[in-house]
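Bear in mind these aren't lab numbers, they're just calculated from the coordinates by the rules spelled out. Keep in mind that what you see is a predicted model, and the values were worked out from it rather than measured. When we count neighbours, we look across all protein chains shown, and the Cβ atoms used for this are built from the backbone with ideal geometry, even at glycine.
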Amino acid sequence: MDFGSSDVSLWKDSLSAYPTRIQSLNKPNLVSLDEFYRIELPSLIHQRNPNPHITTSELSKLMQWKLSRGKWRPRLLDFVSSLEESQVKSASQKAFESLPDVSKSVSALTVLKGVGPATASAVLAAYAPDVAPFMSDEAMEAALGNSKDYTLKQYLLFADKLQTKSKELSSEGDTFTPSDIERALWSSAIGAKLLALHSNPDSKKANTARDIKRKRKR
């Protein structure tokens with residue numbers, strides 16, 4: 001799906017396919033982690049009003065979700081899991097209080113070891129999906145043509161693009177948040193990859209053989 005598309009039905013279809021695409025990755029615990037991130041965590045954070053924040057265990061679980069849905073980098077999980085509870089509470093509370101200033105909010109979270117702009121964006125998206133979308137590789141590539149620059153500057157460009165698109169698609173009675181846009185883009189990208197694998201089984205076999213060789217070398 002092209003980011004420039006204004007066809008609401010295409011965006012709806014891609015978004016509705018998101019849970020199926022999560023399942024299709026066949027990664028351990030990803031389905032339950034995704035449900036925690038999308039449904040349970042936002043509720044837990046908002047229940048703590050007027051001082052919303054996240055805990056270290058919640059941040060650790062969020063990191064597991066982020067790495068499972070994307071690229072696994074265990075050192076990041078080790079870093080956030082060892083953070084002091086008071087540090088996480090203070091940084092996240094300050095970040096949530098700073099919204100809708102996304103720049104200030106991201107900066108408040110990235111003082112935590114192991115938390116870069118992408119992880120910070122996931123924290124903010126859980127609390128305020130109508131303001132801050134998650135900085136996924138797939139959505140970054142679709143919106144900006146670059147998924148490798150994990151800087152605050154790049155995230156602000158990305159968030160602005162998705163905020164604009166969400167307003168555009170919500171103008172005819174439908175409601176899309178920037179986080180909805182991110183999930184639709186991710187879903188579309190994963191769907192395209194799955195289609196390519198099904199249409200070219202030899203490529204899948206080659207990738208599997210390559211993975212086996214790599215494991216043997218470890």
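Worth pointing out:
- Flagged links, alpha-carbon separation over 20 Å, of K27/K193; K61/K113; K161/K193; K61/K167: K161/K193; K61/K167
- From the alpha carbon centroid of segment 146-193 to that of segment 11-90 is 18 Å.
- Once the convex hull of all Cα atoms in segment 17-135 is built, its volume per residue stands at 93 Å³.
- Trypsin sites (Lys or Arg not before Pro) restricted to DSSP loop in segment 27-117 with at most 10 other C-beta within 10 Å: K71
- Over the chain: helical MRE at 222 nm, DSSP H runs n ≥ 4 each giving -39500 (n - 2.57), nearest 500: -21000 deg cm²/dmol
- Positive minus negative residues near A143 (Lys, Arg vs Asp, Glu; Cβ under 15 Å): -3
- Compactness of segment 8-217 as Cα Rg over 2.2 N^0.38 Å, two decimals: 1.05
- Estimated distance in nm for a label pair at S103 and S9, the labels positioned 7 Å out from Cα along Cα-to-Cβ: 4.2 nm
- Range in the chain, longest, excluding exposed GluC sites (Glu not before Pro) [loop by DSSP; at most 16 other beta-carbon atoms within 10 Å]: 85-171
- Those chymotrypsin sites (Phe, Trp or Tyr not before Pro) in segment 1-106 that DSSP places in a loop and that have at most 13 other beta carbons within 10 Å: W72
- Hydrophobic, long helices, defined as DSSP H runs whose alpha-carbon span along the helix axis is 27 Å or greater and whose mean Kyte-Doolittle value is at least 1.6, do not occur in the chain.
- Note on the chain: with charges restricted to the Cβ of Lys and Arg (+1) and Asp and Glu (-1), its dipole about the Cα centre is near 1480 debye.
- The local environment of R75, defined by Cβ-Cβ distances under 14 Å, has a net charge of +3 under the rule Lys, Arg +1 and Asp, Glu -1.
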